[in-house]
Amino acid sequence: MSIKPTYTANPDRYAEGTMNYRQCGNSGIRLPEITLGFWWHFGGVNAYEDAKAKVLHAFDHGITCFDLANNYGPPYGSAEETFGRIFDENLRSHRHEMIVTTKAGYDMWPGPYGIGSSRKMLMTSLDESLRRMKLDYVDIFYSHRYDGFTPIEETMQALIDIVHSGKALYVGLSNYPADRLAAAAEYLTAQHVHPLIYQGRYNMLVRDVEEKHVPLLTKLGVGFTAFSPLAEGVLSDKYIADAATRQYSLRNDLRPAKTTPLLIAKLKALNEIAANRGQSLAQMATAWLLARQSTTSVIIGPRTVEHLDSSINATRNIHFTGEELIEIDRILSMQ
Ligand SMILES: NC(=O)c1ccc[n+]([C@@H]2O[C@H](COP(=O)([O-])OP(=O)(O)OC[C@H]3O[C@@H](n4cnc5c(N)ncnc54)[C@H](OP(=O)(O)O)[C@@H]3O)[C@@H](O)[C@H]2O)c1
């Protein structure tokens with residue numbers, strides 16, 4: 001009979017210089033500069049051992065925050081199942097060291113209650129998520145998006161009731177227009193459940209949140225976590241190669257049509273700055289987000305342990321000179 005090896009966490013995972021933690025808005029929670037995201041690469045179609053290697057490697061390097069959603073996979077729900085198995089077999093004794101998040105709002109199951117931000121959707125989806133993840137509670141439960149039709153009051157009251165039920169410790173919001181975000185924060189705060197964090201798409205190529213969301217969050221004392229820091233892999237060196245030899249990701253947003261000659265020229269120019277900093281383009285893209293104090297954490301989507309290590313190492317150099325920042329802005333605004 002073979003004895004299953006058990007996981008022992010790295011005793012130095014919180015040692016100085018391993019991972020930095022930032023205060024999340026004006027809350028008492030500190031989040032790691034790097035959060036591990038489960039959107040892709042952790043589903044039922046992926047090898048369990050690969051997913052496990054990344055999760056345990058992350059935890060061993062001080063990554064305490066794990067970002068999930070009901071429909072991450074594919075298939076939907078399977079990333080939560082993968083997490084649940086890894087957690088149950090390896091990390092259960094470390095539950096108090098972990099921030100686990102999930103979300104509901106996009107399509108999840110058939111019928112009118114399997115999508116959107118209604119009370120019915122949020123409450124039933126969270127119960128299903130907890131079952132898949134083998135957890136009693138999540139740390140942050142996100143409304144994944146403003147759906148355009150559910151009244152803000154209904155969605156926010158459901159989140160408040162979820163916190164009062166003990167199934168989530170904190171409330172998060174994601175993909176809300178700035179005015180809906182302000183209304184949601186006002187409702188939550190009036191009911192004494194301060195929103196902990198906002199999650200928005202933010203990278204060198206997509207900077208919309210800079211204009212309204214980030215200043216609003218700073219004013220409200222709400223943390224900000226950036227997703228898709230590499231624009232789903234575009235901000236990496238694989239797209240710089242000649243078109244003939246370029247490897248396109250299987251991920252839907254990275255079709256050849258998106259990689260225009262102008263984009264490739266920008267990536268090449270950015271890559272030169274990164275090289276002068278001793279970083280890969282992917283590392284510089286992550287560091288650029290962390291150079292802003294308004295960024296609480298960057299949610300990464302590593303396909304491999306090497307990707308994960310590279311992103312962790314990006315946190316070692318997040319200082320940019322004024323000249324570098326000006327040159328990056330010039331490149332990004334090239335027409
Ligand atoms: N709230 C929301 O609506 C929302 C939306 C999207 C994402 N998210 C969260 O944010 C997380 C990250 O999003 P994302 O997956 O789009 O992130 P991303 O980092 O922009 O893209 C990940 C892709 O970049 C490539 N990559 C990752 N690390 C790399 C590295 N160090 N060097 C070179 N290439 C690297 C890989 O592409 P290849 O596979 O092609 O190699 C990988 O699939 C998600 O897992 C999820 O938790 C939230």
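The values are calculated or read from the model by the stated rules, or taken from the named source; none is laboratory data. Nothing here was measured: the structure is a model prediction, and the numbers come from that model. Reconstructed Cβ throughout: ideal geometry from the backbone, glycine too, with neighbour counts over all protein chains shown.
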**Q.** Answer residue from the stretch 99-122, given it is touching a helix residue (DSSP H, G or I) at 6+ places or on another chain (Cβ under 6 Å) and not in a loop (DSSP other than H, G, I, E, B) and is farthest from Glu154 (Cα to Cα) among those
**A.** Thr102
Q: Go through Pro112, Pro74 for me and flag whichever is more than 16 Å from the ligand (Cβ to nearest atom) and more than 25 Å from Pro195 (Cα to Cα).
A: Pro112
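Matching residues to (1) more than 8 Å from the ligand (Cβ to nearest atom); (2) farther than 24 Å from Pro215 by Cβ; (3) modelled with pLDDT under 95:
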residue: Trp288; (1), (2), (3): yes, no, no
residue: Ser294; (1), (2), (3): yes, no, no
residue: Ser297; (1), (2), (3): yes, no, no
residue: Ile300; (1), (2), (3): no, yes, no
residue: Asn317; (1), (2), (3): yes, yes, no
residue: Gly322; (1), (2), (3): yes, no, no
residue: Ser333; (1), (2), (3): yes, no, no
**Q.** Hits in the stretch 302-315 - residues which are in a loop (DSSP other than H, G, I, E, B) and more than 8 Å from the ligand (Cβ to nearest atom)
**A.** Thr315
Q: Quick one: count up the residues across the stretch 93-142 that are closer than 21 Å to Gly166 by Cβ and either of a type in the set (A, V, I, L, M, F, W, C) or touching a His at 6+ places or on another chain (Cβ under 8 Å) (or both).
A: 15
Q. Which numbered condition trips up His96, out of (1) in contact (Cβ under 8 Å) with a residue 40 or more places away in the chain; (2) closer than 29 Å to Tyr21 by Cα; (3) out of contact with any helix residue (DSSP H, G or I) (no Cβ under 7 Å at 6 or more places or on another chain)?
A. (1)
Q. Going by the structure shown, is Phe149 part of a strand (DSSP E or B) and either among the hydrophobic types (A, V, I, L, M, F, W, C) or in contact with a Leu (Cβ under 6 Å, 6 or more places away or on another chain) (or both)?
A. no
Q | the stretch 284-301, residues that are in contact with a helix residue (DSSP H, G or I) (Cβ under 9 Å, 6 or more places away or on another chain) and either among the aliphatic types (A, V, I, L, M) or part of a helix (DSSP H, G or I) (or both) | A | Met284, Ala285, Thr286, Ala287, Trp288, Leu290, Ala291, Val298, Ile300
(Q) So, Leu159, is that one under 22 Å from Ile115 (Cα atoms), away from the ligand (no atom under 14 Å from the Cβ), in a helix (DSSP H, G or I) and touching a strand residue (DSSP E or B) at 6+ places or on another chain (Cβ under 8 Å) or not? (A) yes
Q. Tyr170 is checked against (1) within 27 Å of Leu56 (Cβ to Cβ); (2) in contact with a Phe, Trp or Tyr (Cβ under 7 Å, 6 or more places away or on another chain); (3) in a strand (DSSP E or B) and fails just one. What number does that condition carry?
A. (2)
